[in-house]
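Read through the structure below, which is laid out as structure tokens, and then see the notes.
The values are calculated or read from the model by the stated rules, or taken from the named source; none is laboratory data. Not measured: the values here are computed from a predicted model. Cβ sites come from the backbone with ideal geometry, for glycine too, and all protein chains shown count toward neighbours. Heads up: the accessible areas ignore ligands, DNA and RNA and are worked out on the full protein's heavy atoms, side chains in. Shrake-Rupley method; radii C 1.70, N 1.55, O 1.52, S 1.80 Å.
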Amino acid sequence: MLVVAAFTLAGTLTACSSSSDDVSSDSKQTIRFVWWGNEDRAAATKKVVAMFEKEHPNIKVQTEFSGYPAYVQKLTTQIAGGAAPDLLQLDRPTFGEYQQKRQLADLTPYVGKSLKTEKIPASLLAGGKADGKQYAMPAGLTTELFVYDKDIFAKAGVSIPEDGWTWKQFAADMTKVHTKTGQAGTTDFGWAIDWFESWLHQNGKQLYTSDRKLGFTEGDLEQYWSMLASMRKQKAVTAAEDTTKMDGSAQNSALVAKQSSSEIAYDSSVTSYVSTYQGKLGYAPLPSDSKTESGMAALPPVYYGVAKTSSHKDAAALLLDFILNDPEAGKALGATRGTPPNSDVAKTVCSSAASADKEVCDFQAKVSDKLSPSDTWLWPSGSSAIKSDFQRIYDDVIFGKSSVSAGAAKVVENAKQSLGQ
Amino acid sequence: MPTIARARSVGERAEASAAKVPAQPPQRRRQRSGAAYVFLSPWLIGAALLTVGPMLASLYLSFTDYNLFDTPRWVGLRNFERMFTQDDRYWNSVWVTVKFALISVPLKLAVALGIALLLNKPRRGTAFYRSAFYAPSLLGASVSVALVWRSLFGSNGAVDHFLGIFGIHVGSLVDQPRYALLTVIALAVWQFGAPMVIFLAGLKQVPSELYEAAALDGAGPARRFFSVTLPMITPVLLFNLVLEIIQAFQSFTGAFVIGSGRGGPSDSALLYTLYLYQRGFNNFEMGYASAMAWVLLVVIAIITVLLFRSSRKWVFYAGEGTR
């Protein structure tokens with residue numbers, strides 16, 4: 001209720017205060033809004049756009065969406081060609097890429113005015129900040145989690161320790177799952193730089209430093225991949241041919257294909273696990289050797305940004321505010337981009353959530369005090385190349401084409417090159 | 001050379017008639033050529049704006065460092081230098097592409113010729129079989145077929161199950177560095193329809209008296225094939241070979257989809273164009289990608305020239321014998 005009141009109040013204020021604000025004038029304008037994602041996200045987003053257009057008859061919103069690889073390629077080409085959309089969806093690599101290539105509008109002037117942020121946790125907002133300014137808004141909240149098949153783990157006699165696993169116990173338990181059930185304990189998680197990032201945080205290090213340099217050494221990666229190599233030898237993790245197809249999607253997940261009994265993932269993918277997995281799933285925090293550092297982040301799964309070249313920034317900011325803060329819009333969007341960033345909206349959505357959405361809400365409520373702010377998780381320009389390079393070299397390692405130490409050295413060498421170091 | 005001689009005489013006649021044209025007022029000729037340019041203009045504009053322009057731009061970019069956002073920075077030959085001397089993945093992609101071309105092209109042509117021979121004989125339902133065998137070529141370049149391929153050869157795919165009947169357990173072929181390229185080759189070979197149709201046309205041109213004469217001389221089917229059919233269709237063979245080699249070097253979609261967009265596990269199916277794409281669109285190194293594209297163009301040109309040169313030794317044009 002309060003939010004609605006605040007919204008309408010702010011709306012009327014902007015409407016009568018500024019004559020230069022082209023949104024309040026009668027002039028019709030069209031803005032373009034693009035995102036990537038699957039059908040359910042698209043349907044929800046279109047519904048919200050229609051609600052927005054009803055409230056702002058002078059603004060028309062053109063929407064476009066596609067799969068991620070096509071999206072990035074098209075968007076990059078459009079921006080380079082001077083035809084950037086007004087409002088765009090970003091992730092960590094693209095945010096770093098576009099922000100540092102000065103393609104994103106500084107949203108700071110809108111913050112607290114047409115773009116309200118008081119209900120969005122600072123830890124989440126931090127993820128969209130760079131050089132002290134707000135360049136992007138978090139579209140939701142996600143964090144890392146460990147998804148496992150309850151029945152298989154029960155059959156193997158493995159239960160999650162009360163205060164969480166240490167990596168050593170974890171490795172032993174995953175081996176136990178394999179020896180008792182014949183199925184790999186967990187999906188080999190060495191391929192994704194994301195999970196390595198969590199591990200680094202647990203050890204007080206980070207992937208990238210705040211001045212956009214590489215934050216880890218060859219030795220760190222060697223230690224991490226060696227831990228996985230010994231698990232692989234015990235068949236506690238999936239075989240190379242099952243690991244290589246991992247891309248974070250449920251469609252290619254080894255857990256869903258019943259090649260492994262558990263997986264490390266982002267909780268924003270729980271909904272797709274639940275709809276595709278046959279069996280009962282449980283959720284746990286990541287293993288950690290540290291009592292204080294869980295290595296888990298309060299991350300926006302995706303961000304929204306406004307293009308620097310946009311000639312309708314005010315209208316884009318209005319739409320952005322509507323998406324983030326309007327309770328009805330929040331209800332329509334649900335957890336299609338993680339749980340809503342606005343804490344009031346999140347509360348309403350979570351209280352009425354069912355099945356998978358509820359699991360995400362419950363999990364986040366349980367681990368909320370263990371999450372680190374997202375500003376320490378910022379990815380710089382060049383990070384998308386590093387991410388794919390990381391996975392490619394890990395393939396060399398698991399297929400025996402390269403040793404762990406040679407692979408780690410190669411990752412660091414290439415990463416430094418990608419960062420222009 | 002009866003056909004060529006005839007063509008020449010037709011040409012001469014045309015020239016002769018053209019020579020008489022000056023009798024017409026020159027103005028009218030100019031008008032006529034003007035009309036020709038008007039009709040050609042859509043093509044000319046398209047060629048200039050969509051082909052020549054971008055090609056020149058890419059030639060310029062190949063000497064620059066260009067990330068799509070900042071202005072291109074001139075680096076001279078550094079892209080080429082880096083490509084040839086410092087980039088292991090570049091040489092790996094060259095090697096994968098050569099392997100792909102060397103295996104897929106002969107196999108594809110052999111299958112195309114074999115099926116064309118079978119379909120050349122009048123049988124019931126030939127028309128149906130011809131279209132059925134041609135269909136994959138129409139669908140071939142599409143992403144959906146490559147996706148089907150991936151699931152056929154993937155984990156729990158049909159191929160895995162089929163081999164399982166014989167007690168062979170290979171798992172997912174597309175996800176193993178040893179086999180990934182083979183599945184891409186299999187997809188390329190499966191699309192043998194286009195060369196098959198061209199072979200069929202060539203086979204129809206072989207004069208039946210040659211077969212009759214060969215049969216009278218007591219030549220069996222194998223002898224007839226190697227002494228009559230094969231020499232008579234060498235022009236078509238050359239045409240198919242050139243076309244397929246060029247296509248093999250530019251092949252992209254199959255490997256892109258089957259290799260999950262990365263070029264297979266551990267770069268095992270990383271074709272040249274795929275690596276070019278990764279450099280350009282994943283790493284935003286448009287200058288480097290342009291340099292790679294120009295090297296590919298030059299290499300394809302050289303291979304084509306060499307093929308045409310060698311063709312003097314093995315391609316037989318009808319009519320040559322009467323010389």
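Figures for the structure shown
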| item | result |
| --- | --- |
| Once exposed loop trypsin sites (Lys or Arg not before Pro) are cut out (DSSP; at most 13 other Cβ, 10 Å), longest piece of chain A | A:292-421 |
| Pairs beyond 24 Å (Cα-Cα), from A:LYS205/A:LYS233; A:LYS47/A:LYS101; A:LYS233/A:LYS401; A:LYS258/A:LYS280; A:LYS150/A:LYS401 | A:LYS205/A:LYS233; A:LYS47/A:LYS101; A:LYS150/A:LYS401 |
| Accessible area buried, both sides summed, chains B and A with 1.4 Å probe, Å² | 2100 Å² |
| For A:SER260, distant residues with modelled amide H under 5 Å away | A:LEU255 |
| Accessible surface of the range A:42-128, 1.4 Å probe, proportion on carbon and sulfur as whole % | 59 percent |
| Among B:GLY154, A:THR336, B:ALA127 the positive-end extreme of the charge dipole of the protein assembly as shown (Cβ point charges) | B:ALA127 |
| Within the protein assembly as shown: Cβ-based charge dipole about Cα centre, in debye rounded to nearest 20 (Lys, Arg +1; Asp, Glu -1) | 3200 debye |
| Occluded residues from the range B:266-300, i.e. those whose accessible area drops by 50 Å² or more once the chain is not alone (1.4 Å probe) | B:SER266, B:PHE281, B:PHE284 |
| Potential extension, B:LEU147-B:SER41 segment - 0.36 nm per residue separation minus Cα distance | 34.1 nm |
| Sum of -39500 (n - 2.57) over DSSP H runs of 4+, divided by residues of the protein assembly as shown (222 nm, nearest 500) | -17500 deg cm²/dmol |
| Of A:SER159, B:LEU200, A:ASN58, farthest towards positive along the dipole that unit charges on Lys, Arg, Asp, Glu beta carbons give the protein assembly as shown | B:LEU200 |
| Reach of B:LYS108 by Cα under 15 Å, taken over aspartates and glutamates that are not fewer than 8 positions away in the same chain | B:GLU244 |
| Loop sites in the range B:153-192: chymotrypsin sites (Phe, Trp or Tyr not before Pro), DSSP, at most 15 other Cβ within 10 Å | B:PHE166 |
| Whole-percent carbon and sulfur share, accessible surface of chain B, 1.4 Å | 67 percent |
| Surface accessible to a 1.4 Å probe, per residue, for the residues of the range B:184-323, Å² | 46 Å² |
| Value of relative contact order over chain B, rounded to a whole percent, pairs C-alpha under 8 Å and six or more apart | 27 percent |
| Within the range A:62-130, GluC sites (Glu not before Pro) in DSSP loop having at most 16 other beta-carbon neighbours inside 10 Å | A:GLU118 |
| GNM result for chain B, Cα springs below 10 Å: residue of B:ARG279, B:ARG309, B:ARG124 fluctuating most strongly | B:ARG124 |
| Pairwise centroid distance, computed over Cα atoms, of the range B:232-256 with the range A:132-201, Å | 48 Å |
| Span from the the range A:225-304 Cα centroid across to the the range B:147-178 one, whole angstrom | 24 Å |
| Occluded residues from the range A:59-79, i.e. those whose accessible area drops by 30 Å² or more once the chain is not alone (1.4 Å probe) | A:GLN73, A:THR76 |
| Beta bridges per DSSP with both ends in the protein assembly as shown, % antiparallel, nearest 5 | 60 percent |
| Potential extension, B:ILE103-B:LEU297 segment - 0.36 nm per residue separation minus Cα distance | 67.7 nm |
| Magnitude of the charge dipole, the range A:25-68, Cβ model with Lys/Arg +1 and Asp/Glu -1, debye to 20 | 60 debye |
